[in-house]
Amino acid sequence: MEYEIVIGMEIHIELGTKTKIFCSCPTEFGQDENTHTCPVCLGMPGVLPVLNEKVVEYATRAGLALNCEIAHFSKMDRKNYFYPDLPKAYQTSQFDLPICTGGDVEIEVDGVKKDIGITRIHIEEDAGKLLHESADGTLLDVNRCGVPLIEIVTEPDLRSAEEARAFAEKVRNILEYTGVSDCKMEQGSMRFDVNLSIREKGSEVLGTRTEMKNLNSFRALIRAVQYESKRQIIEIKKGHTIIQETRKWDDTKGTSSSLRSKEEAHDYRYFPEPDLVPIVLEPEYIEKIKSELPELPEAKKQRYIDEYKLPEYDAGVLTTTGVTARFFEESVVLYNEPKQISNWMMVEIPPLLKEKELSMENITITPAQLVELLKLVKNNEISGNTGKEVLKEMFNTGKNPGDIVKEKGLAQMSDTGELEAIIEEIVSANPKSVEDIGAGNEKAYGFLTGQVMKATKGKANAQVANELIRTVVARHLA
Amino acid sequence: MELYQKTIHEINDLLDKKEVTVTEVTQAVVNRINTVEKSTDAYLSLQTEAALEAAKALDDELSGRAKRTPLEGIPYGLKDNMCTKGILTTCASKMLYNFNPPYNAEVYDRLIEDGGILLGKTNMDEFAMGSSTENSAYKKTRNPWDLNKVPGGSSGGSAVAVAADTAFYTLGSDTGGSIRQPASFCGVVGMKPTYGLVSRYGLVAFASSLDQIGPFTKDVEDCALVLNVIVGHDAKDSTSLNLEKIDYTQNLKQGVKGLKIGVAKEFFGEGLQPEVRKSLEDAIAIYKTLGAEIVDVSFQHLDYALSAYYMISSAEASSNLARYDGIRYGFRAEEYNDLVDLYKKTRSQGFGDEVKRRIMLGTYALSSGYYDAYYKKAMQVRTIIKADFDQVFGGCDVLLTPTAPTTAFGIGEKTSNPLEMYLTDIYTVPVNIAGIPGISVPCGLDNNGMPIGMQLLGPILSEETLLKAAWAFENESGLTNLKAPLGTEV
């Protein structure tokens, strides 16, 4: 029998607002424990929340970028449960009236395109962090309490780990573009929950699902989906029924285990948050945010093909992330050679980034520096191979390419007089080669060129050198 | 009349004429506290030394200044559920026995700004849940009119401090009658303003959609003076109304000629003490002589208000009080096995019976499977009650009702029967459900000499009209700044 995997995802994204959702504490990541707190995000008695307008703006922007309807009327609700990382013992979230509904995102896996439905996006607050490794017992860091989140909930439209990954990457790409989040998974800015069930291929009925929470990387997402789908198929093949439960993914072991069953599931006792007023958005407000949306990846890719005449592959790679696209566009403005820039950005820069453990976000060279380098190559002042060395040196030292070329004496020798003297010497020293050429063996030119390059330490302009060799050899043969 | 017995506006006259100093005024009320507080137990904590120091400092400053603001240098008390930086704020609960807030309630900040002199924090029912102040974890406050009777609640301490002249005014909070009912029981003026008029920031929440801070005063004019200072927009409270400031003393004494005063039979039903009824009939007669028009009005759905109130307030309370888990501040059980045990023991030992009862009731009402039948239905009732009031105020400017069905009852009389206790709020809770303002003013004494309260209600933001109507009655009846027999006994 053939089985089909059915996956729905919930993606939590930390919004990149400067301050928290209900108070003015900073949201900055990686600060000392419990330094970004106040009575409001600590949930002390008597304090009240005030909704950060930027959170509404960012959520609206995210919703529009993911093709959602934006609600003119939505409200905040309380989700009640006890846990030490939740100071108020309720998470302020949205229950029945979320800010965004009904979006979709197109993904492509193995050349097949597919729309993934988005059920809803709602606004909520993040919880704190428990630090279990302390010798004094468990400690609590509340810096993250009240950091604004959006939760994106999909329809059960995904059918494989690859699709799940493609969707997650696409969402990250779009949200990073719109500037609502940095989507840094290593900092917990983007986290996945996966709802997964198995059914016979062709069946219209959904199987019993399990939920896996807090997958913090694409790798974890893929492995968790693969593991859980395999586990469920084996269970079904054994004739067992799948138990509806929440499972915990152990990324180190690569296995999942039951966290709590449906019976043990929390009753969150949602009810409208009485300390906040409903979120009422005028159509003009939504239109304004829509008009201010930046160009999204799909549109950008098409524009690169149309405007810069780049191959689809190049356009796709350059628009994968907003920072890459920005680097490209800043370079093109300075130097209208899109294909040359594209080649260097796709081929030469990535290995250097990898070597230095950098990314496009914290790349140490500027578009202006890259352009300066590409102009040196284009104008034959240095060879392509030299250019690669110079680029490496730029990554190492941060110096400008022109200075590196000068300091290291890497400029190509195009001075025909100087070069001709060297060639004359080499040709004279290799009468056998001249003889071979005279006998019609053109390959001997290659040997002579190699000798010239060796003598000039590669600085000879290859084209000029070749012409001169032919002239000098002809003179010797005459 | 002793200095401590005077109203704010009387003290203002003396201070402005420099006939007394703030220190003399403060010393007088501190002496009064030293004499009678042991009988009334209105306060949970006192700041009398700090108050005298503040008074002295203010006198020095005022000597070089002609003008003072109306509450400047007037000693007052705050209900112990309003946060005061560096001063214990316990909500009369063991759970917050050591809670020292690092921030001020907005109302406290406004009173500091205005030069008020804080005397202390007043006793209350634990987390404002109760109608007699007997649910305090710390002490029983006694009614100065009869020390064997309750002061009402939950703001019992605040009502008693004003009634016993141990403060010139106090602030209380009113979720279902917690200002108006004790004001009625203690023979003072108490007002619950329109929801959103006074900032709730720093008021420890009981039921967020119903809670509202308001004043206890010795007469109606004082009520207007206090309201002038505590009303106003606060960006820290999202439910705070952003309106232009008005001076509530401006039209206070304009009279009630032509004012339509509604009387609804639904407020004069079963269980109403005969003397209370009689007293209100006398009040109606006074209004007639003053030129007000008395009209009959009626409600369709008022019967459901009390049930809806207990559903909504308990549901919100169950969520608001969940934060008291022993993790970050306040009480923590001494021994526990694990996290869940820590929660259970802390909450079992830290909360009193009534608080636990409401948490359980509210948790149940919000639970999956019961939500529609209880919480949701209660919210629907809330909408209907609001519509009921809208319809009633279509036919009158002000509604006149008893504040409570009876005068103050005996200490311990209703503690074993929560439902009977809840019924004492039957005339006050619909007001919170509708978010409208209400004021309770003394309108007589019963056969045992206990004060009776009249409640005046109006549509949203009708405080000015209510104060005007209340002042006219007080002025005509002479029932103002009543003195409990306490003063002569001690």
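Read the figures in this text as sums done on the coordinates, not as results from a lab. Please read all numbers here as calculations on a predicted model, not as lab measurements. No Cβ is skipped: glycine too gets one built from the backbone with ideal geometry, and neighbour counts run over all protein chains shown.
With charges only on Cβ, +1 for K and R and -1 for D and E, what is the dipole size of region A:3-287 about its Cα centre, in debye, rounded to 20? List each step's numbers first, then the result.
Values: 35 positive and 49 negative charges, 175 e Å.
So the magnitude is around 840 debye.
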Hey, what do the phi angles of region B:136-153 turn into as Karplus ³J(HN,Hα) couplings, whole Hz, using 6.51/-1.76/1.60 and θ = phi - 60°, x for Gly and Pro?
5, 6, 10, 7, 9, 8, 10, 6, x, 7, 6, 5, 8, 10, 6, x, x, x
Quick calc, residue A:54 & residue A:303: beta-carbon distance into FRET formula, R0 30 Å, rounding 0.05, result 0.55
Tell me which residues come under 5 Å, amide H to amide H, from residue B:262 once H is placed; ignore anything under 5 positions away on its chain.
B:295, B:397, B:398, B:399, B:400
Residue B:162: net charge of surrounding residues, Cβ under 13 Å, Lys/Arg +1, Asp/Glu -1, itself excluded?
+2
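Where Lys and Arg each count +1 and Asp and Glu each count -1, what net charge lies around residue B:433 among other residues with Cβ under 9 Å from its Cβ?
Working: positive: B:382, B:386; negative: none.
With Lys, Arg at +1 and Asp, Glu at -1, the neighbours total +2.
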Return the long-range amide H neighbours of residue A:116 (sequence gap of 5 or more, or a different chain), with a cut-off of under 5 Å between placed amide H atoms.
A:105, A:106, A:107
For region A:24-151, what is the number of Lys pairs with C-alpha distance below 23 angstrom, counting only pairs 8 or more positions apart or on separate chains?
7
Restricted to chain B, the DSSP antiparallel beta bridge percent, nearest 5, is 65
Put in order of increasing Cβ neighbours within 10 Å, starting from the fewest, B:428, B:141, A:319 give A:319, B:428, B:141
Excluding residues fewer than 8 positions from residue B:17 in its own chain, the lysines with Cα under 19 Å of it are B:6, B:56, B:67
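Helix by helix through chain A, keep the DSSP H runs that span 27 Å or more along the axis on Cα and average at least -0.5 on Kyte-Doolittle, and give those back in order.
A:218-237
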From the residues B:437, B:482, B:226, which one has its Cα farthest along the dipole of chain B in the positive direction, the dipole being from +1 and -1 charges on Cβ of Lys/Arg and Asp/Glu about the Cα centre?
B:437
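Using a simple charge model, +1 on the beta-carbon of Lys and Arg, -1 on the beta-carbon of Asp and Glu, nothing else, what dipole does region B:297-455 show about its Cα centre, in debye to the nearest 20? Before the final figure, lay out each step's value.
On the way: 14 positive and 17 negative charges, 88 e Å.
With Lys and Arg at +1 and Asp and Glu at -1, about 420 debye.
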Dipole magnitude of the protein assembly as shown about its Cα centre, charges +1 at Lys/Arg Cβ and -1 at Asp/Glu Cβ only, in debye to the nearest 20?
1120
What does the C-alpha gyration tensor say about the overall shape of region A:62-111? Classify as rounded when a/c is under 1.5, otherwise prolate if a/b is larger than b/c, or oblate.
oblate
Determine the distance separating the Cα centre of region A:38-100 from the Cα centre of region B:104-118; give it in Å without decimals.
31
Which percent, to the nearest 5, of DSSP beta bridges fully inside the protein assembly as shown are antiparallel?
80
How much net charge surrounds residue B:227 when only other residues with a Cβ under 12 Å from its Cβ are counted (Lys, Arg +1; Asp, Glu -1)?
-2
Whole-angstrom gap from region A:247-277 to region B:135-203, using each part's C-alpha centre:
43
Simple spin-label model, 7 Å along Cα-to-Cβ: residue A:69 to residue B:383 in nm?
2.0
Taking placed amide H atoms and a strict 5 Å upper bound, the residues 5 or more places from residue B:117 or on another chain that come that close are B:73, B:74, B:76
Students often forget the sequence filter, so: which aspartates and glutamates lie under 12 Å Cα-Cα from residue A:230 once same-chain residues fewer than 8 apart are removed?
A:4
Need the C-alpha centroid separation for region B:438-454 versus region A:206-229, integer Å.
68
Choose one of A:447, A:434, A:468: the residue whose Cα lies farthest towards the positive end of the charge dipole of region A:416-477 (beta-carbon charges +1 Lys, Arg; -1 Asp, Glu; about the Cα centre).
A:447
Sorted from largest down, give the three principal axis spans of the alpha carbons of the protein assembly as shown, whole angstrom values.
142, 81, 59
To the nearest 0.05, the calculated FRET efficiency linking residue A:280 and residue B:17 through their beta-carbon distance, R0 being 45 Å, is 0.30
Everything considered on the Cα gyration tensor (a ≥ b ≥ c; rounded for a/c under 1.5, else prolate if a/b is larger than b/c, else oblate), region B:189-316 must be described as oblate
Sorted by Cβ neighbour density within 10 Å, fewest at the top, the residues B:124, A:185
A:185, B:124
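Which whole number gives the average count of other chain Cβ atoms within 10 Å of the Cβ atoms across peptide B:235-245?
3
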Among rounded, prolate and oblate, which fits region B:388-490 when a ≥ b ≥ c are the square roots of the eigenvalues of its C-alpha gyration tensor, a/c under 1.5 means rounded, and a/b larger than b/c means prolate?
oblate
For A:208, B:90, A:35, what ranking results if the residue with the fewest other Cβ atoms within 10 Å of its Cβ goes first?
A:35, A:208, B:90
Per residue of region B:23-35, in order, report the coupling 6.51 cos²θ - 1.76 cosθ + 1.60 (Karplus, θ = phi - 60°) as ³J(HN,Hα) in whole Hz, putting x for Gly and Pro.
4, 4, 5, 5, 4, 4, 6, 5, 4, 4, 4, 4, 7
By a straight-distance test (C-alpha under 21 Å), which lysines pair with residue A:388 as possible cross-link partners, with residues fewer than eight away in the same chain excluded?
A:339, A:354, A:356, A:375, A:378, A:399, A:406, A:408, A:454, A:457, A:459
